[in-house]
Amino acid sequence: MIGWTLMFLVIALIAGVLGFSGIAGAAVGIAQIIFTIFLVLFLVSLVMRLAAK
């Protein structure tokens, strides 16, 4: 999932450099959402692993 986030971040950076502000904004929004989901899943996984010990 972190790979998807990095991919959308790169797309946003390239689109921003080329002047496609709409595409860049959408890609940044998607990257933020995916990163948030990744972070929540990571924290849940960490808590579950610590609770299992």
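Listing for the model above:
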quantity: Viscosity 0.890 mPa s, temperature 25 °C, Stokes-Einstein D of the chain from Kirkwood C-alpha radius, µm²/s; calculated: 204
quantity: Contact order normalised by residue count of the chain, Cα under 8 Å, 6+ apart, percent; calculated: 39
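Every number here is computed from the coordinates shown, using simple stated rules; none is lab data. Small disclaimer: the values here were computed from a predicted structure and weren't measured.
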